[in-house]
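What follows is a set of notes on a single structure, which appears directly below.
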Amino acid sequence: CAHKKSPIYEPLTENGAIALAKKLQLLPENSQLTCNEIGDGNLNLVFRVENPENGESIIIKQALPYAKVVGESWPLTLDRSRIETNALLKQAEFVPQYVPKVFYSDESLAITIMEDLSHLEIARAAFISGKDLPLLSQHVGEFLAKTLFYTSDYGMDQHYKKSLVQQFINPDLCKITEDLIFTDPFFNHETNDYEPELQDDVEQIWQDNELKLEVAKLKQIFLTKAEALLHGDLHTGSIFADEQETKIIDPEFAYFGPIGFDVGQVFANLLFNALSRETNKQQILFHHIETTWDVFVKEFSTAWENDGLEIYTNLDGYLDYVLEQIFEEAIGYAGCELIRRSIGLAHVADLDTIEPYEKKITTKQIVLKIGRELIVNRKTIKNTQQIRELFNQTALS
Ligand code: SR1
Ligand code: MG
């Protein structure tokens, strides 16, 4: 990947993106390139530049100096572009098959130029349209195990890991998570966004000090536990997939944090889709939750046995202890994700597109209840089967 520092930041236009692709000779200079801004995320510009003569294409992603979802009143540094490029490159050292190739990056322009994955579909949209994505959890489980093990003190030289912790300090994007996941939904905060019919449920959450104490503990772990290089925003909108292939994109929230955070976000986002489906179509989502965890445990354990660098990885019982901690934290973080996506600033289409309206409201009420149970009872939920049982009990009650 070529990497350059140029002096002046300016948001790109579609013509500017074409000019850049030509200048860098990533696409032929003498062809009639086309370009569309296709970004549908919350933060960045995403340009797809194509040579219509042969279908060859690239993606130019550029950070804006503010959060696109809110506007210029929410300033953000451009540093997330550097974080994203470096996270993609680091992840590619362990699982090149699951991340887009990076062709070029420029810190000052806050751009990352990468492989176009338009032949795949965003997993959230695919699930909403009823597709199964049969290999998704096998791939995500392996992605999680390898990226997280090999960037942790268990599997990475501990001196080098500390230099990476420094490189991936990501205060702006961590602050978004600290606020939007762990804080705002649990208080009467202006960023919250929920249907008026949920007012009583939301007020119950604000007054629930037992719940808030557990959220405070999970937030404390998020703030302090530099266990491994996380993706940091691993919801189903950050996964491109089809029947055979899976690519995990968008690691701009990457930082050294608790492994269970990434795992929990995957669990929660699979649950959203399960909750949005008819009962007889939910099975595949539970299969994905179980497979994600089973593959994660298998791959993480294999890496631990073969490549453990920390001396205590040889000690009986230590791997089990670490996996237990990861699972407990994942359950808690899944609960936080369930709550914030129902009543906080950033929603998910799985829930928001439920029809009729009354069903959307009752489903969100169920989501809030499951979220609370996962957070408060995370120490007694020991396996993925119990997530399914909790889901069934709450959905039926
Ligand atoms: C202002 S950003 C809102 C959300 O979008 C991102 O994808 C993260 O999930 C963040 O919490
Ligand atoms: Mg994102």
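Quick notes on this structure:
- Total residues in the range 298-330, condition outside any loop (DSSP other than H, G, I, E, B), farther than 22 Å from Leu390 by Cα and open to solvent by 30 Å² or more (accessible area, probe 1.4 Å): 12
- Every listed requirement among (1) in a helix (DSSP H, G or I); (2) surrounded by 16 or more Cβ atoms within 10 Å (Cβ to Cβ) is met by Glu358 save one, (2).
- Strands (runs of 3 or more DSSP E) enclosed by the range 1-116 - at least 3 residues per element that are at pLDDT 95 or above and either farther than 25 Å from Leu144 by Cβ or in contact with a Cys (Cβ under 7 Å, 6 or more places away or on another chain) (or both): 34-37, 44-51, 56-63, 102-106
- Residue ID - farthest from the chain's Cα centre (by Cα), chosen from residues in the range 253-265 that are within 16 Å of ligand 1 (Cβ to nearest atom) and open to solvent by less than 10 Å² (accessible area, probe 1.4 Å): Gly257
- Checked against (1) under 22 Å from Gln282 (Cβ atoms); (2) in a loop (DSSP other than H, G, I, E, B); (3) charged (D, E, K, R), Lys369 passes all but a single condition, namely (2).
- Cross-chain or 6+ apart pairs with Cβ under 6 Å, the range 166-188 first and over 22 Å from Asp200 (Cβ atoms) and in contact (Cβ under 8 Å) with a residue 40 or more places away in the chain, then within 12 Å of ligand 1 (Cβ to nearest atom) and of a type in the set (A, V, I, L, M): Asp172/Leu76; Leu180/Leu345
- Pro171 being of a type outside the set (A, V, I, L, M), closer than 24 Å to Thr353 by Cα and open to solvent by 50 Å² or more (accessible area, probe 1.4 Å): no
- Condition met for Glu252 (away from ligand 2 (no atom under 16 Å from the Cβ) and part of a helix (DSSP H, G or I)): no
- Residue count, the range 201-242 (criterion: assigned to a helix (DSSP H, G or I), touching a residue at least 40 places away in the same chain (Cβ under 8 Å) and within 16 Å of ligand 2 (Cβ to nearest atom)): 2
The values are calculated or read from the model by the stated rules, or taken from the named source; none is laboratory data. Predicted model, so just to flag it, every value in this text is computed and none were measured. Neighbour counts run over all protein chains shown; Cβ positions are idealised from the backbone, glycine included. Surface accessibility is based on the protein's heavy atoms, side chains included, excluding ligands, DNA and RNA. Shrake-Rupley method; radii C 1.70, N 1.55, O 1.52, S 1.80 Å.
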